[in-house]
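What follows is a short report on a single structure.
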Amino acid sequence: MSVSVQEADFDAGAEIAALSAGRDDVGAVASFVGLVRADKAARVMPPAQPGAVSPADGADGTASVQAMTLEHYPGMTEKALQEIVVQAEARWELLGVRVIHRVGRLLPGDRIVFVAVASSHRGDAFAACEFIMDYLKTRAPFWKKEETPAGGRWVDARESDDAAAASWD
């Protein structure tokens, strides 16, 4: 198991290769890479007047993200990520896990998060990778602030993320 919280970018291909390097017991590696999305990634506050739309905002109440800043609580965040991985290891037969989460200011298209899971079988690898991401989104102490043409705003947790995490209980 390896968990990193870092400002530096990562090479997903190299990380995936490292999980099975020199091993003949790995039958599957499942991975996920999350990216900063620019296209109307989050809801903005409604316009001050009903029916009015700011020129920077879309007609549907969304705005393009120009950058995202991720903050964390050093020490606590790494511990939370390690605990999530330990829970995954208790549920599935895993041979290796690598989690990387970036912090700092990121631009659209930048990589934010990487999760890869090695197992003898694809079912365990897929399930554990999804579980780790679902729990990471809801239980790891990260704070996201988006920069849009309308200004900066902190991103709240989504109900769909909470529901996904709850489905594992």
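Numbers below:
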{"read-out": "Test result for V53, buried (at least 19 other Cβ atoms within 10 Å of the Cβ) and modelled with pLDDT under 95", "value": "no"}
{"read-out": "When residues of the stretch 85-134 are limited to those that are in contact with a Leu (Cβ under 9 Å, 6 or more places away or on another chain) and among the acidic types (D, E), the one surrounded by the fewest Cβ atoms within 10 Å (Cβ to Cβ)", "value": "D110"}
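The values are calculated or read from the model by the stated rules, or taken from the named source; none is laboratory data. As the structure is a computational prediction, the values presented were derived from the model and not from experiment. Ideal geometry is used to build each Cβ from the backbone, glycine not excepted, and the neighbour counts take in all protein chains shown.
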